[in-house]
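Just below is one structure, and these are the notes that go with it.
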Amino acid sequence: MTLINSLLMFAQQTATEAAPAAPPAAPAPSPSAADQAAALEKASQAAAEAAGRQEISLWDLVVALEPLEQVVLIILALCAIYAVALLFEKIYVMRRAGGQTRDFLASFRKANSVEEAEAIVRKLPASGIKSMFDAGMAEVRRTQDLGLYTMRDARDHTMQRVAASMSTRQNDHLEDLGSSMTFLASIGANAPFIGLFGTVWGIMMAFAKIASTQSTSLAVVAAPIGGALLATAAGLVAAIPAVLIYNFAAKQISRQGSKLDDFASEFIALVSRDMDRRAG
C-alpha cells in the first residue's frame, strides 16, 4: 500500500509540472481619440440643448441681430411709424375736406343766380371747393368785363374757359389731399423686400456661425435664424398698414373728386342759365 501511494503522488506531481502556466490577464483597452471626441460632442450637445430650453424673448432676438439687420429693422420700424402717423393725418384731412364740401354745396345750391352764389360763398371759409368757385367766377367776371356775357355766341367759349379754370383748381386741391401717397405706395411695395434682404443676410450669418462652431444644435442656430425671420415680419408689419392706408386715402380722394366734378357741372349750368336769362 505504501508503494502504491508513493506512485500516485509522483504521478500527480509530474502532471502539475508538465501543465503550461495560464497566461496573464490582458489589460483593459484604453479609449481611442475618436471615442473621446464623440463623447465630448455628445456632452456639448446635451449642454447646448439644456441651454436651448431656456425661453428666448423678442428683445433677445433683437439684441442678437447683426448690425446690418438692426439697421434694416430700424428703417422698417420708422416706415411703420410714419405710415400710422399718415393714417391719422389722412383721416383728419379727409374729414375736414368732406365737411367743407358738404357745407359749401348746401349753401351754394340755395342760389338762383351767379350774383347770389357769389354773395353766399363769400361768407364761407376757405376750402378747396371754394377755390374752384373763385376760379370759375374770375372767368365769368372777365367775360362780363369784355361785354361778351350777354352774347349767345360767346357762351360756349365762356363755358370752356370756366371749366378749364375750375379743373385746374380741382387738380391742385386733389393733389394736396394726395400728398405722401407716393411714399405710402413705396413702403407697401418695397418694405417686404427690405425685410427679405435682412432675412437672407441673417441666414447667411447663421450658416457662418454653424461653420465656426461646428455645431448644428438648436441653441446655436435659434437666435440667428429667429432674428433673420424677425426682419421678414418687420417688413410685413411696415407694408400691410401702408397698403391699407393707401387704399383708404385713394378711395376718399376719388370720392372727393367725384363731388367736385358734380359741383363744377352745377356751377357751369348756373352760369349758362344766367347768360341765357341776360341774353333775353
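For the stretch 194-280, the calculated P(r) over all alpha carbon pairs, in 10 Å bins from 0 to the bin holding the longest distance, is 15, 20, 15, 12, 10, 9, 8, 6, 4, 1 percent.
What is the list of residues in the stretch 247-280 whose amide nitrogen lies under 18 Å from a point 7 angstrom out from the Cα of GLU118, following Cα to Cβ? Hits in the stretch 247-280 for GLU118 at 18 Å: 267-279. Compare the Cα positions of GLY178, ALA208, ALA279 along the charge dipole of the stretch 145-280 (+1 at Cβ of Lys, Arg; -1 at Cβ of Asp, Glu; about the Cα centre) and return the one farthest towards the positive end. Ranked along the dipole, the leading option is ALA208.
Each residue of the stretch 107-262 gets 137 Å³ once the volume of the Cα convex hull is shared out per residue.
Residue order for LYS209, LYS130, fewest other beta carbons within 10 angstrom first, comes to LYS209, LYS130. The string of couplings for the stretch 180-187 from the Karplus curve (6.51, -1.76, 1.60, θ = phi - 60°) is 6, 5, 5, 5, 4, 4, 5, 4 Hz, one whole number per residue in order, with x for Gly and Pro. With a Förster radius of 45 Å applied to the C-beta separation of GLU89 and PHE207, the computed FRET efficiency comes to 0.55. Across the stretch 188-193, rounded Karplus estimates of 3J(HN,Hα) from the backbone phi angles (6.51 cos²θ - 1.76 cosθ + 1.60, θ = phi - 60°) give x, 8, 9, 4, x, 6 Hz, Gly and Pro being marked x. The listed peptides 189-199, 119-129, 224-234, ordered by packing as a protection proxy, come out as 224-234, 189-199, 119-129 (highest mean of other Cβ atoms within 10 Å first).
Take every pair of alpha-carbon atoms less than 8 Å apart whose residues are at least six positions apart; their mean separation over the length of the stretch 60-279 yields a relative contact order of 36 percent.
Every read-out reported here was derived from the displayed coordinates using simple, explicitly stated rules and does not represent laboratory data. All of these numbers come straight from a predicted model, not from anything done at the bench. Using ideal geometry, Cβ is built from the backbone for each residue, glycine included, and neighbour counts are taken over all protein chains shown.
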